[in-house]
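S.K.: Can you keep this structure in mind? I'll have questions shortly.
What follows draws every value from the coordinates through simple rules; no lab data is involved. These figures come from a predicted structure and were not determined experimentally. Cβ sites come from the backbone with ideal geometry, for glycine too, and all protein chains shown count toward neighbours.
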Amino acid sequence: MLDPEVVAVHGQEVRRGSVVVASLLMLRTPGYGYGLLEALADAGFAVEANTLYPLLRRLEKQGLLVSEWNTDESRPRKFYRTSAAGEELATELLREWTALGRSLEALDRGTVPPTTEGGAP
Amino acid sequence: MTLTDRYVAATLRSIPVDKRDDIDRELRASITDAVDARVESGSDPAEAEERVLTELGDPARLAAEYSERPLYLIGPELYLDWRRLLSVLLWIAPIPGVVVLVLDVLDGASAISALGSGIWTAGTVALHIAFWTTVVFAVLERTGASVANPTGVWTVDRLPQVDDSRRVPLSDTVFTVAIYVFLFVFLILQRTYSGFRSDDGSAIAILDPDLWSFWIPALLVLLVLSAVFEVVLYAIGGWTISMAVINTVLSLLFTLPVIWLAASDELFNPDYLVAAFGEATDSASAASTAVIVVVALVAVWDIGEGWVKALRDRGTHAC
């Protein structure tokens, strides 16, 4: 029987990093902290608010997002948008993610011969 | 003042001033957004606020995330060095403990009290070693990492060479720190354990008691700084020009006053010289000369070693 705690730990490891890709892809249309949090949750990326908000600032500092204060509405909000560099990174990461997924599926189907080179016959 | 005000204030407290305004506005807006969403789906406003803030968690942790501060004292990069150095340095601690124990026994104290003061001394020295080593590493963790790793990318060029002579051997560090501990303990104990007593039964100090007004405390501080320097040197892993400069300054700050005090016959306690050698004039000049020669030679060696290694390492680095 699988220990749910073990499943949770490994699941988290697999999902780690997906939030960055998802955020960069989603913020092609400008979005603000809480809105993005909700949108990510709806899209199946459960992320804690206390992880996402600092992450957005970090990505901005790295030049992957640009931000702008929108004061048109009654509540001023900081809107983030994916920069050209962020777009480039997102494309790169998405390609890597897809390739990983394909490789895992291939492993699962058994279409990739197991590596025995240098190992036991 | 609302819960949100208190939460935001607690978060901003440990965030650099120039980022506070922006984070303040953004965090407030995010919290209000989340509370409104809960209220819209039928929650009580006060309860919603409490839930939202609870989910955001400890404000100190959030602030650390915002300012990218580590949430640990010594990270995995330095932890092994810290543990290795500390576990060896701690072997120094029993030595002054045994010295005190033996001196107490020689002084006629009971076995129990001698054992007690021996253990207490060893414990105190161990505590100091552990504390200062940890402080140095914790500071390096927060400042040194970015200096040692300015590009952020690890390459195989950075692999330490196993027999690299640039690496400060642990035995060097332990030996030098042990000498500083000995000198420190000597400066403290020479007051009471010189082996001679005056007629009224009080102990005769080896060094001039007047020196306690400034010079001995100053030398004690310098010894602690020198020991800390050795730990930093080990943690950095090799001599650099700036380390050689600091070493020179520390060495001169210790050596010059000692030579000056010895040369002007202010180092030794005349009463002690009379008690030990029968007179205070010739023995003073002999003892002072010996101190000057030894201290000067050690200083020349110490300063020279730093510069030779720093310059040589710069040469190998450039190649």
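S.K.: Return the long-range amide H neighbours of A:Leu65 (sequence gap of 5 or more, or a different chain), with a cut-off of under 5 Å between placed amide H atoms.
M.R.: Counting only residues 5 or more places away or on other chains, the set is A:Glu60, A:Ser83.
S.K.: OK, next. Between B:Arg51 and B:Ser87, what is the FRET efficiency for a Förster distance of 45 Å, r being their Cβ-Cβ separation, to the nearest 0.05?
M.R.: That pair, B:Arg51 with B:Ser87, gives E of 0.45.
S.K.: At a Förster radius of 56 Å, what calculated FRET efficiency corresponds to the Cβ-Cβ distance of B:Asp265 and B:Ser171, to the nearest 0.05?
M.R.: Efficiency computed from Cβ-Cβ geometry: 0.90.
S.K.: Note the full-extension length gain between B:Lys19 and B:Ser285 as 0.36 nm times their separation in residues minus their Cα-Cα distance, in nm to one decimal.
M.R.: Taking 0.36 nm per residue and subtracting the Cα distance, the gain is 89.3 nm.
S.K.: Helix B:3-12 versus the longest principal axis of chain B: what is the Cα-based angle in degrees, 0 to 90, to the nearest 10?
M.R.: The helix B:3-12 is inclined about 40 degrees to chain B.
S.K.: Quick one: angle between helix B:170-189 and the longest Cα principal axis of chain B, in degrees between 0 and 90, rounded to 10, please.
M.R.: The helix B:170-189 is inclined about 60 degrees to chain B.
S.K.: Still on this structure, I have one more. Going highest first, how would you order A:4-10, B:308-314, B:183-189, A:96-102 by mean Cβ packing within 10 Å?
M.R.: Most protected by this proxy first, the peptides run B:183-189, B:308-314, A:96-102, A:4-10.
S.K.: Going by average Cβ density within 10 Å per residue, which order do the peptides B:118-127, B:265-274 take, highest to lowest?
M.R.: Highest-to-lowest ranking by the protection proxy: B:265-274, B:118-127.
S.K.: Here is a further query. Two decimals, Cα atoms only, Kirkwood Rh: what is Rg/Rh over chain B?
M.R.: 1.15
S.K.: Where does chain B land at 222 nm, in deg cm²/dmol rounded to the nearest 500, when only DSSP H runs of n ≥ 4 count, each adding -39500 (n - 2.57), divided by all residues?
M.R.: -24500 deg cm²/dmol
S.K.: Calculate the FRET efficiency for B:Glu40 and A:Leu107 from the Cβ-Cβ distance with a Förster distance of 51 Å, rounded to the nearest 0.05.
M.R.: In this case the efficiency is close to 0.65.
S.K.: On to the next question. When averaged across all projection directions, what area in nm² does the alpha-carbon convex hull of the range B:1-45 cover?
M.R.: Mean projected area for the range B:1-45: 3.2 nm², to one decimal.
S.K.: Okay, moving on. Between B:Phe196 and residues 5 or more places away or on another chain, which pairs have amide H atoms under 5 Å apart, with H built 1.01 Å from N, and which residues are they?
M.R.: B:Ile204
S.K.: Given springs between every Cα pair under 10 Å in a Gaussian network model of chain A, which of A:Glu60, A:Glu87, A:Glu73 has the largest fluctuation?
M.R.: Top of the fluctuation ranking is A:Glu73.
S.K.: Peptides A:29-38, B:293-302: what's the order by average Cβ count within 10 Å, highest mean first?
M.R.: A:29-38, B:293-302
S.K.: What does the convex hull of the Cα atoms come to per residue for the protein assembly as shown, in Å³?
M.R.: Per-residue hull volume (Cα only) is 299 Å³.
S.K.: Using a 10 Å cut-off on Cβ to Cβ distances, tally the other chain neighbours for every residue of A:63-69 and report the average as a whole number.
M.R.: Going residue by residue through A:63-69 and averaging, the value is 1.
S.K.: If you plug each phi of the range B:21-29 into the Karplus form 6.51 cos²θ - 1.76 cosθ + 1.60 with θ = phi - 60°, what whole-Hz ³J(HN,Hα) values come out, in order, with x for Gly and Pro?
M.R.: Those phi angles translate into 4, 5, 5, 3, 5, 5, 5, 4, 4 Hz.
S.K.: Turning to a different aspect of this structure: Using a 7 Å offset from the Cα along the Cα-to-Cβ direction at both B:Tyr79 and B:Arg142, what is the distance between the two label points in nm, to one decimal?
M.R.: Label at B:Tyr79, label at B:Arg142, 2.0 nm between them.
S.K.: Check the straight Cα-Cα distances from B:Lys309 and name the aspartates and glutamates below 19 Å, setting aside those fewer than 8 residues away within the same chain.
M.R.: B:Asp163, B:Asp164, B:Asp172, B:Glu230
S.K.: Sticking with the crude label model, points 7 Å out along Cα→Cβ, report the distance from B:Val294 to A:Gln12 in nm, one decimal please.
M.R.: Modelled inter-label distance: 5.9 nm.
S.K.: Highest GNM mean-square fluctuation, chain B, Cα pairs closer than 10 Å: which of B:Arg197, B:Arg69, B:Arg51?
M.R.: B:Arg51
S.K.: Search the structure for amide H atoms under 5 Å from the amide H of A:Tyr32, placed 1.01 Å from N in the peptide plane, and list their residues when 5 or more places away or on another chain.
M.R.: Placed amide hydrogens put A:Tyr80 under 5 Å from A:Tyr32.
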